[in-house]
Structures are given as C-alpha cells and as structure tokens.
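The values are calculated or read from the model by the stated rules, or taken from the named source; none is laboratory data. Computed from a prediction, not measured in an experiment: that's the story for all the values here. No Cβ is skipped: glycine too gets one built from the backbone with ideal geometry, and neighbour counts run over all protein chains shown. Calculation scope for accessible area: heavy atoms of the full protein, side chains included, ligands and nucleic acids excluded. Shrake-Rupley method; radii C 1.70, N 1.55, O 1.52, S 1.80 Å.
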Amino acid sequence: SRQPCSSNCAMLAFLSVAGATSPRSRVAPLWRPEAAVSTAARTNARGTQDASTGSGFASVFMSVCGILVAVRRHHGRQRPRVVRGPSGGTWYEYKFRAKPGAKYRYRALGGNKKHFDDRFIPEWGVWPPEAKGRRVKYGVLVNKGKAMGATRYEQEKKAMRDAAKEPELGACALLIDCDGTIVETERDGHRVAFNKAFEEMGFDCSWDVELYGELLTTGGGKERMTRYFTDYNPEAWKDKENPPAKDHPDIVALHKRKTELFMEIVRSGMLPLRPGITELLAAATEAGWKIAVCSTSNEKAVAAVVETMLPEYADSITIFAGDVVKTKKPDPAIYTLAAKQLGVAPMKCVVVEDTNIGLQAGKAAGMQVIVTKSIYSETEDFADADVVVSSADELDFEEDVMALLPTMELA
C-alpha cells in the first residue's frame with residue numbers, strides 16, 4: 001500500500017533533519033557515502049584556509065615589528081643640528097634647526113659625527129660670542145655658558161640694524177647749533193659763567209668780551225680753557241708740573257662748575273631766544289622734518305636751554321652735544337653722527353649755524369648750511385654758506401630752507 005510508505009519516508013526525513021540540527025537527539029542521522037566525502041573535503045579546505053590566514057597574520061606582525069625597530073634605531077641616532085644645504089655640501093650658508101627640548105640653543109657641526117658644539121657658530125648666530133661664562137680652550141668648547149635667549153638676541157639684532165640703518169627716502173632734518181643760534185648765550189651766558197668759575201676756584205683770570213670772541217674760534221669749553229692757559233695766560237695756570245689739557249682734573253672741575261653756573265643763568269630766564277627761531281621750528285615741524293640740536297657745549301647745558309626756552313619742542317628735539325663725539329667742530333663728526341642716528345641722508349639735512357667753524361663742520365658733512373650771524377661772528381668769513389642772514393626771522397622756510405634740498409627732475 002502506498003500510504004505507509006509515504007508516512008515512513010516522512011518520518012525518516014524528519015528524524016534526519018532533527019539529528020542534523022540537534023546534537024542531543026538520540027536518533028542518529030541517516031548515513032550516506034556522498035555526504036561523508038563532501039564533509040571530509042570541507043574539513044580539509046577549512047584547515048588549509050586557517051593555515052593561510054595564520055601565516056598572513058604572522059607576516060604582518062613581523063613587518064610591523066621591523067618598522068618599529070627601524071624607527072627606534074633612527075630616533076636613537078645623534079644627528080647634527082645644522083643642515084648644510086640640500087646636498088650636504090653648501091658650507092657657506094647654514095640653516096639652523098632647533099634641538100628638541102633645548103630652548104634658545106643651537107649646535108654647529110664639531111670635530112666628528114658624534115660631537116656637536118658651537119665653537120664656530122655661537123648661540124643665536126652672534127659673533128663674537130657673548131654668552132656669560134663661555135670658554136673655549138685649545139679649540140675645544142669647555143663651557144658653553146648661559147644662552148642669551150630670545151630677548152637678548154632681539155636687542156642685539158636691533159643694535160646691529162640701527163648701526164647699519166639705511167637713510168629714509170624722503171626724510172629731511174633741520175640741525176641747529178645752540179649757542180649763538182638758538183640763544184645769544186656766548187657773551188652774557190657762557191662768558192659770565194666761565195668768569196664766575198675762575199673766581200670760585202681761585203684762578204686769577206677773567207675773560208672780557210673781546211678776548212672771549214677770539215677764544216670762540218676753538219670749539220668746546222674744555223678745549224677753550226686749555227688754549228687760554230697755554231697761549232694767552234700761562235701764569236694763571238696753578239699746576240706748574242702738569243701742562244693744561246682738556247682731561248686735566250683742574251680743567252674738568254672748572255668746566256663742571258661753569259656748566260652748573262650756566263644752567264642757573266639759563267633757568268633764570270635772563271637769556272631770550274633769538275628772533276625767528278620759534279617760527280623756524282614750527283615750520284619744520286609742520287613740514288614733517290626731524291629736528292636736532294648739535295652743539296659742542298655740555299649736554300646738560302644744551303638740554304637746559306631746550307627745556308627752558310623751547311618747552312613745546314623738548315620732546316621732539318634730539319640733542320647731540322658735549323663729548324658724544326671725540327672731535328669738536330670744525331670736524332664734521334657731530335653732524336655725521338646726527339644724520340646717521342636720525343636716519344637721514346646728509347644731502348637732505350640743513351644746518352643752521354652762527355660761526356665759521358660750524359659752517360666748516362656742516363659743509364664737511366655734505367650738508368647745506370644757513371648762517372645766522374651772532375654778536376661774535378659778524379666779521380667772520382661765510383663765503384661757503386648757502387644762505388647768510390642776520391637772524392632767523394629773515395628766513396622763509398619754503399624759499400630759503402626747503403629750496404636748498406636736491407630735487408629729481410625727470411627728462
């Protein structure tokens with residue numbers, strides 16, 4: 001009969017599936033030869049795949065380990081702190097690379113590959129080296145010293161830039177003498193102060209108006225007294241063993257006391273400004289010119305004149321005076337220094353003087369010179385001056401001052 005057979009087949013199929021899906025089944029699945037063969041093949045393929053996967057992981061692991069070892073060895077080496085160009089042979093140009101963990105310090109290549117110091121290129125590229133405590137013995141850096149640091153390095157760089165400052169294009173400067181130009185100080189100021197100093201310090205001498213006019217041909221108070229005690233009145237010199245000189249203690253003491261007395265005279269208001277000075281400075285300031293006072297007198301005395309007589313310009317006027325230069329007028333050193341410090345080309349500077357030695361100094365510096373005659377300089381030779389007037393109130397700033405500057409004309 002067909003019905004039992006169909007029911008038996010259904011039961012066997014159910015038991016086979018149940019046995020395959022449930023390992024706890026007590027009924028074993030039907031065994032077939034082809035099924036056994038396919039199961040063995042799958043088992044062999046799975047084993048081969050697992051073996052290949054394991055070897056792949058091993059190769060990747062070994063590669064990573066090799067890379068880590070190479071990186072560790074690379075970082076463990078000592079490398080120079082200086083790159084000598086792309087090919088390693090550009091010896092004339094150094095490009096610095098900071099050493100990690102050593103702020104503000106650089107190293108240059110030393111005697112061998114494993115030794116680096118700064119014997120040849122000091123810290124921050126400054127030569128000569130100024131690091132405190134730095135010492136080199138027999139060509140070997142014994143003590144590196146204290147690094148100057150970023151602040152000190154910037155100060156050094158600024159000083160070097162200022163020393164080699166290029167003149168500003170278009171900048172102009174008005175350089176004015178003090179005594180006899182801004183204020184008529186010579187006859188009623190300096191001369192009176194000199195005589196008071198002589199009297200206080202026991203020197204038996206006095207300078208009258210005529211004699212002082214002759215002595216004014218020598219620039220500088222100490223130099224003036226040296227000339228007087230050497231050529232005019234050697235008997236008045238008290239130190240018979242040592243001749244008078246500008247650095248002699250007596251000359252220095254006399255000049256110091258004379259400066260103090262002169263500053264008292266200036267601050268008393270007894271010496272008025274010369275005509276036209278205020279207007280000249282106002283016009284120069286409005287035109288954007290730089291203004292400086294260049295004098296052979298003591299710096300404190302010149303500052304007292306500017307602060308007392310020209311208080312509105314005291315902050316904007318630069319003072320070059322006294323022993324700021326070794327040689328006095330007619331040497332051009334003070335005007336050359338002023339032009340350099342102000343950053344103005346000498347040809348763009350106009351000097352206002354009242355004496356022949358001042359005229360010579362301005363011309364020797366390559367500048368244009370205007371002379372305003374004073375009491376003591378009326379008879380002096382001013383043939384080389386660009387403009388000669390009795391006082392500054394005769395000057396027109398545009399026609400007489402600005403017209404002296406060189407101009408460029410396009411063809």
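Give me the residue from the range 378-397 that is touching a residue at least 24 places away in the same chain (Cβ under 8 Å) and among the charged types (D, E, K, R) and, out of that set, surrounded by the most Cβ atoms within 10 Å (Cβ to Cβ).
Looking only at the range 378-397, we keep the residues that are touching a residue at least 24 places away in the same chain (Cβ under 8 Å), and these are 380-382, 384-385, 391-395, 397.
From the residues that got through so far, the ones that are among the charged types (D, E, K, R) too are 380-381, 384, 393-394.
Working: Glu380: 17, Asp381: 9, Asp384: 12, Asp393: 14, Glu394: 13.
Result: Glu380.
Quick test for you: out of Ile375, Ile357, pick the one residue that is in contact with a Lys or Arg (Cβ under 7 Å, 6 or more places away or on another chain), open to solvent by 40 Å² or more (accessible area, probe 1.4 Å) and either farther than 21 Å from Val325 by Cα or not aromatic (Phe, Trp, Tyr) (or both). Full working, then the answer.
Numbers: Ile357 fails: open to solvent by 40 Å² or more (accessible area, probe 1.4 Å).
Step by step, each of Ile375, Ile357 is checked, and only Ile375 is in contact with a Lys or Arg (Cβ under 7 Å, 6 or more places away or on another chain), open to solvent by 40 Å² or more (accessible area, probe 1.4 Å) and either farther than 21 Å from Val325 by Cα or not aromatic (Phe, Trp, Tyr) (or both).
Among the residues of the range 232-254, are any open to solvent by 50 Å² or more (accessible area, probe 1.4 Å), assigned to a helix (DSSP H, G or I) and within 23 Å of Tyr376 (Cβ to Cβ)?
Checking the range 232-254: at least one residue is open to solvent by 50 Å² or more (accessible area, probe 1.4 Å), assigned to a helix (DSSP H, G or I) and within 23 Å of Tyr376 (Cβ to Cβ).
Confirm whether Gly269 is modelled with pLDDT under 95, crowded, with 20+ Cβ neighbours inside 10 Å and outside any helix (DSSP H, G or I). So that I can check it myself, show each step before the final result.
Values: modelled with pLDDT under 95: yes; crowded, with 20+ Cβ neighbours inside 10 Å: no; outside any helix (DSSP H, G or I): yes.
No.
Which of (1) surrounded by fewer than 24 Cβ atoms within 10 Å (Cβ to Cβ); (2) at pLDDT 95 or above is the odd one out, the single condition Pro311 does not satisfy?
(2)
Which of the following residues is without any contact (Cβ under 8 Å) to a residue 24 or more places away in the chain, in a helix (DSSP H, G or I) and either closer than 25 Å to Glu264 by Cα or open to solvent by less than 60 Å² (accessible area, probe 1.4 Å) (or both): Glu210, Glu156? Talk me through it step by step, then tell me what you get.
Numbers: Glu156 fails: without any contact (Cβ under 8 Å) to a residue 24 or more places away in the chain.
Result: Glu210 is the single residue among Glu210, Glu156 that is without any contact (Cβ under 8 Å) to a residue 24 or more places away in the chain, in a helix (DSSP H, G or I) and either closer than 25 Å to Glu264 by Cα or open to solvent by less than 60 Å² (accessible area, probe 1.4 Å) (or both).
Restrict the check to the range 305-313 and report whether at least one residue is under 28 Å from the mean Cα position of the chain (by Cα), hydrophobic (A, V, I, L, M, F, W, C) and outside any helix (DSSP H, G or I). Spell out the reasoning first.
Initially, the range 305-313 is screened for residues under 28 Å from the mean Cα position of the chain (by Cα), giving 313.
If we keep only those that are hydrophobic (A, V, I, L, M, F, W, C) too, we end up with none.
So far as the range 305-313 goes, no, none of its residues is under 28 Å from the mean Cα position of the chain (by Cα), hydrophobic (A, V, I, L, M, F, W, C) and outside any helix (DSSP H, G or I).
Name the single residue, out of those in the range 272-308 being small (Gly, Ala, Ser), in contact with a strand residue (DSSP E or B) (Cβ under 7 Å, 6 or more places away or on another chain) and at pLDDT 90 or above, that is nearest to Gln360 (Cα to Cα).
Just the residues of the range 272-308 that are small (Gly, Ala, Ser), to begin with: 276, 282-284, 287-288, 292, 295, 297, 301, 303-304.
Still in the list and also in contact with a strand residue (DSSP E or B) (Cβ under 7 Å, 6 or more places away or on another chain): 284, 292, 295, 297, 303.
Checking which are at pLDDT 90 or above leaves us with 284, 292, 295, 303.
Working: Ala284: 23, Ala292: 18, Ser295: 14, Ala303: 24 Å.
Looking at the filtered set, the residue picked out is Ser295.
For the condition buried (at least 19 other Cβ atoms within 10 Å of the Cβ) and closer than 17 Å to Thr185 by Cβ, what is the one hit in Val350, Val325, Val344, Val302? Before you say what the answer is, go through the steps one by one.
On the way: Val350 fails: closer than 17 Å to Thr185 by Cβ; Val325 fails: closer than 17 Å to Thr185 by Cβ; Val344 fails: closer than 17 Å to Thr185 by Cβ.
Sole residue among the options that is buried (at least 19 other Cβ atoms within 10 Å of the Cβ) and closer than 17 Å to Thr185 by Cβ: Val302.
Examine the range 182-193 for a residue that is modelled with pLDDT under 95, open to solvent by 30 Å² or more (accessible area, probe 1.4 Å), among the hydroxyl-bearing types (Ser, Thr, Tyr) and outside any helix (DSSP H, G or I), and state whether such a residue exists.
no
Hey, among Leu337, Leu405, which residue is surrounded by fewer than 17 Cβ atoms within 10 Å (Cβ to Cβ), among the hydrophobic types (A, V, I, L, M, F, W, C) and touching a residue at least 60 places away in the same chain (Cβ under 8 Å)?
Numbers: Leu337 fails: touching a residue at least 60 places away in the same chain (Cβ under 8 Å).
Only one candidate qualifies: Leu405.
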